[in-house]
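K.L.:
One structure, as structure tokens, below. Some questions next.
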Amino acid sequence: MLRHKIYKNFSSFLKMAKVKGQKEESMIWTEKYRPREFSEVLGHPEIVKRAKAFVQNQNMPHLLFSGPAGSGKTTLALIVAKKFFGPSWNENFLELNASDERGIDVVRRKVKSFARTKAFSGPFKIIFLDESDALTKEAQQALRRTMEIFTGTCRFILSCNISSKIIDPIQSRCSVFRFKLLDKKDTAKIIERIAKQEKFKINNKAIESLCDVSHGDLRRVINILQASASITKNIDENTIYEIIAEAKPADIKSILELALRGSFLDARNKLLDVMLKQGLSGLDIIKAVQREIWNLNIKEEEKLKLVEKCGETEFRLVEGSDDFIQLESLLASFILAKK
Ligand SMILES: Nc1ncnc2c1ncn2[C@@H]1O[C@H](COP(=O)(O)OP(=O)(O)OP(=O)(O)O)[C@@H](O)[C@H]1O
Ligand SMILES: [Mg+2]
């Protein structure tokens, strides 16, 4: 979550830099490759169809875009605004970030001054409230009134990651669009498109790892790609794992297999090696171990036991225990569980 926030802040910083006359080559890729047409938005065919219809009919209800990070919510809101208003979209579209603009007062003041004048073209203006799940319940109650007051001149598009954090009265005022995680096929399409345009090579294994580590978050995929391509023009699996500071699944798998075979010392040494060489924390390792358990060639019950042990160790690490001692004890418990 934290990493995601940093990426996002970095993106908006570079967006500003671009406004001040940055060249295409030095643009951040998430902006450079942000779809500008409905047809370029990957996944979500039903959502895109409905959004297109709003533009065609020049009318739309308030909308709530809900779904995981980097799945295209902001992108779609921007396309809707641009298509709705044409060249004058900037005057008719206000983007507010609920978590930056802490108090609802700021939001209300900005909304009020924006909504006071009539739309330049089109029947109403559009206000896009990003990260609206960061608003407190009280702020949401206030927003509910604001939405009602300005319905005549404005439509709201709210975006959030978790829709249950949005109070019911707001949800019932909006038409809810649920964005899904983008699948591997779509993620791979983006990667190949960018590779072609930026003229670098990326092998299939690297594409596969990128899909695995990003969990459908395209912002993350594109940021990792940009960082990798600045190091090498031949991206492989190792480049990806170097950038993201995550343990390579193959390394973790071999540590686990050594432990399950009973070679405690070998497993421990390999673990130490991976941790030190790649500068990984205990928590990084636990997450990777947890994921890799499902790929081991052992019985289902044994997998469950190991997962339970991981949970215990993770808890101790979060509480502040020593990383290496806890991981060693985890390896020991794997060996004992197998016996
Ligand atoms: N469906 C998609 N098709 C093509 N590109 C996408 C899609 N979704 C995201 N992207 C790429 O990822 C970047 C980030 O997407 P976007 O800002 O729309 O995410 P978001 O859903 O608003 O995420 P958040 O919840 O973090 O605000 C875009 O600039 C674009 O390059
Ligand atoms: Mg967004």
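The values are calculated or read from the model by the stated rules, or taken from the named source; none is laboratory data. No experiment lies behind these values; they were computed from the predicted model shown. When we count neighbours, we look across all protein chains shown, and the Cβ atoms used for this are built from the backbone with ideal geometry, even at glycine.
K.L.:
Answer yes or no: is there a residue in the stretch 1-11 that is within 22 Å of ALA134 (Cα to Cα), modelled with pLDDT under 90 and either assigned to a loop (DSSP other than H, G, I, E, B) or more than 16 Å from ligand 2 (Cβ to nearest atom) (or both). Show your work before the answer.
P.N.:
Here is the first cut: in the stretch 1-11, the residues within 22 Å of ALA134 (Cα to Cα) are 1-11.
Restricting the remaining residues to those that are modelled with pLDDT under 90 gives 1-11.
Those left that are additionally either assigned to a loop (DSSP other than H, G, I, E, B) or more than 16 Å from ligand 2 (Cβ to nearest atom) (or both): 1-2.
Scanning the stretch 1-11, I find at least one residue that is within 22 Å of ALA134 (Cα to Cα), modelled with pLDDT under 90 and either assigned to a loop (DSSP other than H, G, I, E, B) or more than 16 Å from ligand 2 (Cβ to nearest atom) (or both), so the answer is yes.
K.L.:
In the stretch 314-339, what residues are under 32 Å from the mean Cα position of the chain (by Cα), of a type in the set (Gly, Ala, Ser) and at negative phi?
P.N.:
SER321
K.L.:
Are there helices (runs of 4 or more DSSP H) fully within the stretch 275-339 with at least 1 residues that are in contact with a Pro (Cβ under 6 Å, 6 or more places away or on another chain)? List them.
P.N.:
On the way: elements: 282-293, 300-318, 323-338.
Qualifying helices (runs of 4 or more DSSP H): 282-293.
K.L.:
If you don't mind, there's one more thing I want to ask. Quick test for you: out of ALA142, ALA77, pick the one residue that is touching a residue at least 60 places away in the same chain (Cβ under 8 Å) and either in a helix (DSSP H, G or I) or outside the structural domain of LYS49 (by TED's automatic domain parsing) (or both).
P.N.:
Values: ALA142 fails: touching a residue at least 60 places away in the same chain (Cβ under 8 Å).
Criteria check complete, one pass: ALA77.
Every residue, every condition in (1) under 17 Å from ASP186 (Cβ atoms); (2) more than 13 Å from ligand 1 (Cβ to nearest atom); (3) surrounded by 21 or more Cβ atoms within 10 Å (Cβ to Cβ), yes or no:
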{"position": "MET27", "(1), (2), (3)": "no, no, no"}
{"position": "THR30", "(1), (2), (3)": "yes, no, yes"}
{"position": "GLU37", "(1), (2), (3)": "yes, no, no"}
{"position": "GLU40", "(1), (2), (3)": "yes, no, no"}
{"position": "HIS44", "(1), (2), (3)": "yes, no, yes"}
{"position": "ALA51", "(1), (2), (3)": "no, no, yes"}
{"position": "PRO61", "(1), (2), (3)": "no, yes, no"}
{"position": "LYS82", "(1), (2), (3)": "no, yes, no"}
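K.L.:
Which condition number in (1) farther than 25 Å from CYS211 by Cα; (2) not in a helix (DSSP H, G or I) is the one that LYS270 fails?
P.N.:
Single failed check for LYS270: (2).
K.L.:
Considering (1) surrounded by fewer than 21 Cβ atoms within 10 Å (Cβ to Cβ); (2) not charged (D, E, K, R); (3) not in a helix (DSSP H, G or I), say which one ILE127 fails and leave the rest.
P.N.:
The single condition ILE127 does not satisfy is (1).
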